[in-house]
Amino acid sequence: MGKFARQVVWACALAASCQVAYSTEQAAVGNISPAARPRICLVLSGGGARGMAHIGVLKVLEELKVPIDCIAGTSMGAVVGGLYASGMTAAQIDVTMRSVDWQEAFHDAPPRRDLAFRRKQDDRNFLVNLPLGLKHGRILLPKGFIQGQKLQETLRQLTLPFSNTTDFDLLPTPFRAVATDLLTGSAVLMDKGDLSIAMRASISAPGVFAPVETQGKVLVDGGLAENLPIDVARDMHADILIVSDVSFPLQSRSQLDSALSISNQMLAILVRKDADRQRGTLRPADILVEPVMGSASSTDFTAVSSTVAAGENAARAMLARLDPLRVGDGAYRDYLARRASREPGLPALKFVRVDEESKRYEKTIMAEMQPLIDKPLDVDAVGKHVTQLYGLGNFETLDYALVDQGEGSEEESGLEVRARRKSWGPNYIRFGLNLEDNFQGNSRYNAATRFILTELDDLGAELITDVQIGSDPKVASEFYQPLDAQRTWFVAPSLRVEARDLQLYTKDVAVADYRDREAEADLDIGRTLGNWGEIRAGFHRTNGAVRVRLGDPTLVDQQYNEGELFVKFSYDKLDNLHFPRDGQQFTFQWDANRNDLGADSAWDKVQADWLIARSAGRNTLLFWASAGSVVSGTIKATTVPELFSLGGFFNLSGLAPASLFGQNYAITRAIYFRKIGRGGEGFFEFPAYIGASLELGDTWQQRGNASFGSARKDGSIFLAFDTFLGPVYLGSGYDTAGHSAYYLFLGRTF
């Protein structure tokens, strides 16, 4: 009796029923040889991050040379199973899972470095980074904390050759994924369609990920309806099931100590109820693998190595049961060859098109994707262009697929891009708070609202209006009009009305207090430089009025006018504006005030600002330098609002805010901060930092007076938190002249 025959007899002796005698046609559909061996199906449960253990199980099966003829998976089991079904090996899946930044994958916003330059400028203010939708006077919320763009893009790149596969039986390994119909609560079997969409739907935990709308259904995580799809695998004509179950265990009484833990227990009970029913249908020949992971969290993606190892250990513990299922070297090579024969190659792209729901974005999408046409399909290049488009900030999801058009010899392959407008857009509202208090009588408190109207035309025009109340009330509005589909050139007229407090100091003692009010009209024209920079030029017209509240009214001009031409260059590759760890930011601006443009006096001034960040582990060092000078003409000492100013946190921290004024200024800072604790590694924790700064700078009325010896030497120490409302600092500043200041600061500092 041959080896395969012995295995069949053994399997039939143990099984309640045996279906070895399936037809040659069934064998072909199952992608296995019609040789007489049992048809083995792998069942992978849901379990979030715990599902990484499935990779370890697959590694052992490959090592033993156990062929897998079909796979059924739910949630993370559908992701691991779908990748294996697409032709990837266990080792390739392992490398992929380790290379994914899961903390980043579970946040929708692209990394700051990938944002369009205009979107990078949104965080210049102190607004909370959560645009809410605004429609018919109602505020709209997103459908989930995470829309799933990054996860979908990752799955798309890994399975792109199968984006137009309609039958999952035609994959290198036949596959089924399970999701839950959000409208009925019933399980939805996905055996055809788009592979990456099937995986994405199966893992869409409701309330966390936005649901997936496909094939007329609204789908969420399959674990709610069928976390262990044994019945699904059985229906794929399986003789023997290998079941990897990583379901989260029920917690003990002592662990049920909070509303969150009790809610999690309730969900675990509901999920396990169907899983226990499914496990009750296992037959003697089926093999159950249960990786031991204790109370490992379903959301902790930082422990991939130990989770994969748990899967390997659990599979090795079942060697006595798995060993009879192995095949010889030649048979396993044939099995691998049959899998490989179903992996399509990547074609040359002959066209790019958009689907019907994306027509409003067609000009922008086609302009961005045009360089891909008539070139071999490069998954990384496609990903870069899609990232550029998503960085514009208009889309809830931005997906694509390989499609064919034409017939016979005229058939061509291309990409179809599917852009979906944010369901809570295209009009948004943002709120923000800002406060600064040095506990010495200098305090500022502001609350702001920003109204954002986007997609005003097919080139992406925007109208942004800010309304701010508090110490510095302001109303400002800018209309931003791109002039081409790639949004390279633009015009941006704007209006601003603002008020602020001014204090004048003599020998570091406040001698006067004023209220400055400005009205400004601007007309800018500019060019974006990729997503890293911008050049603007234009005309600014400003009228100002100063009201004396305390002190000598002759110390300041009570009326002033500016009429200036300007040119500004901006460069921004910082990874984060609040607590940057890498990158640089640079601006340079030249202003030319002229009498014939309405100015009281003629002068030219230049200013520059440069910030560079470098990090090692939890430690970050920033070098930040700023300087400005009136290079021709003179700004009168009494025209205070037009002068440069220093003083305040990180701007000579030992001095009161804006306590130094002059026609020229320069300051350099070295700022060190270190991340402390484990803040930010969970969903509801705030990253915390301790740090210190050294600062050297001053203002001078005459440029020739500037020198190292005359500059002030200041420093600070601080504790900071990166909160939902923005960065919060508690710090103290010191000046070598003996001054000190204490700060409570909420808002942008760099």
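Tell me, which strands (runs of 3 or more DSSP E) lie completely within region 632-746 with 1 or more residues that are touching a helix residue (DSSP H, G or I) at 6+ places or on another chain (Cβ under 8 Å) and crowded, with 18+ Cβ neighbours inside 10 Å? Full working, then the answer.
Values: elements: 644-646, 660-662, 664-676, 688-700, 712-723, 726-735, 740-746.
Qualifying strands (runs of 3 or more DSSP E): 660-662, 664-676.
Could you pull out every one of the helices (runs of 4 or more DSSP H) wholly within region 279-369 that has 2 or more residues that are under 27 Å from I93 (Cβ atoms) and either touching a Ser or Thr at 6+ places or on another chain (Cβ under 9 Å) or of a type in the set (S, T, Y) (or both)? Walk me through it before giving the result.
Details: elements: 304-316, 319-322, 329-341, 362-369.
Fully inside region 279-369 and qualifying: 304-316, 329-341.
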Practice problem: Quick one: in region 497-524, of everything that is of a type in the set (S, T, Y) and open to solvent by 30 Å² or more (accessible area, probe 1.4 Å), which residue is modelled with the highest pLDDT? | Solution: Y505
Exercise. Would you check if there is a residue in region 40-54 being farther than 21 Å from S247 by Cβ, open to solvent by less than 20 Å² (accessible area, probe 1.4 Å) and at pLDDT 95 or above?
Key: yes
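One residue is enough: does region 578-586 have a residue meeting the conditions open to solvent by less than 40 Å² (accessible area, probe 1.4 Å) and touching a Gly at 6+ places or on another chain (Cβ under 8 Å)? Lay out the reasoning, then the answer.
Initially, region 578-586 is screened for residues open to solvent by less than 40 Å² (accessible area, probe 1.4 Å), giving 579-580, 583, 585.
If we keep only those that are touching a Gly at 6+ places or on another chain (Cβ under 8 Å) too, we end up with none.
Checked region 578-586: no residue is open to solvent by less than 40 Å² (accessible area, probe 1.4 Å) and touching a Gly at 6+ places or on another chain (Cβ under 8 Å).
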Quiz item: Could you list, in sequence order, the residues of region 263-308 that are of a type in the set (K, R) and either over 14 Å from V243 (Cβ atoms) or within 31 Å of the chain's Cα centre (by Cα) (or both)?
Solution: R272, K273
Practice problem: Would you confirm whether any residue within region 227-244 is over 23 Å from Y84 (Cβ atoms) and either of a type in the set (D, E, K, R) or open to solvent by 60 Å² or more (accessible area, probe 1.4 Å) (or both)? | Solution: no
Exercise. Kindly establish whether F708 is touching a Leu at 6+ places or on another chain (Cβ under 8 Å), at negative phi and free of Cβ contacts under 8 Å to residues at least 24 places away in the same chain.
Key: yes
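Against the condition closer than 24 Å to R98 by Cα and open to solvent by less than 50 Å² (accessible area, probe 1.4 Å), how does A303 come out, does it pass? Talk me through it step by step, then tell me what you get.
Values: closer than 24 Å to R98 by Cα: yes; open to solvent by less than 50 Å² (accessible area, probe 1.4 Å): yes.
Here the answer is yes, as A303 does meet what is asked.
Every residue in region 438-457 that is farther than 18 Å from A656 by Cα and assigned to a strand (DSSP E or B), please.
From region 438-457, those farther than 18 Å from A656 by Cα are 446-457; that's our starting set.
Across region 438-457, the qualifying residues are N446, A447, A448, T449, R450, F451, I452, L453.
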Quiz item: Can you name the condition, by its number, that I203 falls short on among (1) of a type outside the set (D, E); (2) more than 18 Å from Y84 (Cβ to Cβ); (3) open to solvent by 10 Å² or more (accessible area, probe 1.4 Å)?
Solution: (2)
Self-check item: First in region 178-197 and over 18 Å from G223 (Cβ atoms), second anywhere and open to solvent by 40 Å² or more (accessible area, probe 1.4 Å), Cβ under 6 Å, 6 or more apart
Solution: K192/T166; K192/D167
Quiz item: Restricting the search to region 438-448, which residues are open to solvent by 30 Å² or more (accessible area, probe 1.4 Å) and farther than 30 Å from Y734 by Cβ?
Solution: A447
Quiz item: Of all residues in region 434-459 being among the small types (G, A, S) and closer than 24 Å to F724 by Cα, which is modelled with the lowest pLDDT?
Solution: S443
Quiz item: Take the residues of region 477-496 that are among the charged types (D, E, K, R) and at pLDDT 95 or above: which is nearest to I535 (Cα to Cα)?
Solution: E478
Practice problem: Collect the residues in region 460-505 that are assigned to a strand (DSSP E or B), under 29 Å from K359 (Cβ atoms) and small (G, A, S), keeping them in residue-number order. | Solution: A492
Practice problem: Mind telling me which of the residues R360, R279, R326 ends up being open to solvent by 30 Å² or more (accessible area, probe 1.4 Å) and either under 29 Å from I203 (Cα atoms) or in contact with a Phe, Trp or Tyr (Cβ under 6 Å, 6 or more places away or on another chain) (or both)? | Solution: R279
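The values are calculated or read from the model by the stated rules, or taken from the named source; none is laboratory data. Note that this is a predicted model, so its numbers are computed, not measured. Neighbour counts are summed over all protein chains in view; Cβ atoms, including those assigned to glycine, are modelled from backbone coordinates with ideal geometry. Just so you know, the surface numbers come from the protein's heavy atoms only, side chains and all, with ligands and any DNA or RNA stripped out. Shrake-Rupley method; radii C 1.70, N 1.55, O 1.52, S 1.80 Å.
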